[in-house]
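The values are calculated or read from the model by the stated rules, or taken from the named source; none is laboratory data. Fair warning: this is a prediction, and the values are worked out from it, not measured in the lab. We place every Cβ from the backbone using ideal geometry, glycine too, and count neighbours over all the protein chains shown. Each accessible area value is taken on the protein alone, full model and side chains, heavy atoms only, with ligands, DNA and RNA left out. Shrake-Rupley method; radii C 1.70, N 1.55, O 1.52, S 1.80 Å.
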Amino acid sequence: MAVPRSALKKWEKVREFALGMPGAVEEFPWGETVAKVNKKVFVFLGVTDGSYPIGVTVKLKDEAAHAHALTCPGAEPAGYGLGKAGWVGIPLEQQGAPAAELLCDWVEESYRTIAPKRLIAELDAR
């Protein structure tokens, strides 16, 4: 199944933003794309081959951001117990999916939750 072009463009913007964070690296555990900082995942980017719906999963500690993310169409707490720690999966293909800019804000919040203080200071200095 082909990934809708608009969802793929949004995904690409989010991926590029995530990899622009200080110390961010891209890895492919479990056959999916993730962005890591300090060997820890800060955003799950899933797969783009159409085998699963395209989406992103971020860790949102801010209660307002977390609640807002869960109001997005199809959004839900992440599986494997990650939802209990604040991780939210947000599909990109559904009507009303968040704009890339909002997704990037959530990626930055997730990064700030995971990254060491020295890299957060580097981000703040930009």
> Which one of the conditions (1) over 12 Å from the mean Cα position of the chain (by Cα); (2) over 15 Å from Asp105 (Cβ atoms) does Leu19 fail to meet, given that it meets all the rest?
Replying inline: (1)
> Applying the selection to the stretch 44-53, what residues are open to solvent by 60 Å² or more (accessible area, probe 1.4 Å) and aromatic (Phe, Trp, Tyr)?
Replying inline: Tyr52
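Conditions (1) out of contact with any Lys or Arg (no Cβ under 6 Å at 6 or more places or on another chain); (2) modelled with pLDDT of 95 or more; (3) surrounded by 12 or more Cβ atoms within 10 Å (Cβ to Cβ), marked per residue:
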position	(1), (2), (3)
Val58	yes, yes, yes
Gly81	yes, no, no
Lys84	yes, no, no
Ile90	yes, yes, yes
Gln94	yes, no, yes
Leu103	yes, yes, yes
Tyr111	yes, yes, yes
Arg118	yes, yes, no
> Residues in the stretch 60-77 that are surrounded by 17 or more Cβ atoms within 10 Å (Cβ to Cβ) and among the small types (Gly, Ala, Ser): how many?
Replying inline: 3
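Yes/no per residue for (1) in contact with a Cys (Cβ under 6 Å, 6 or more places away or on another chain); (2) open to solvent by less than 70 Å² (accessible area, probe 1.4 Å); (3) over 22 Å from Lys84 (Cα atoms):
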| residue | (1), (2), (3) |
| --- | --- |
| Gly20 | no, yes, yes |
| Ala24 | no, yes, yes |
| Phe28 | no, no, yes |
| Val34 | no, yes, no |
| Phe42 | no, yes, no |
| Gly55 | no, yes, no |
> If you go through the stretch 4-34 one residue at a time, how many are aromatic (Phe, Trp, Tyr) and free of Cβ contacts under 8 Å to residues at least 24 places away in the same chain?
Replying inline: 2
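To keep it simple, each residue is scored yes or no on (1) touching a strand residue (DSSP E or B) at 6+ places or on another chain (Cβ under 6 Å); (2) aliphatic (A, V, I, L, M).
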site	(1), (2)
Val3	no, yes
Leu8	no, yes
Lys39	no, no
Ala65	no, yes
Cys72	yes, no
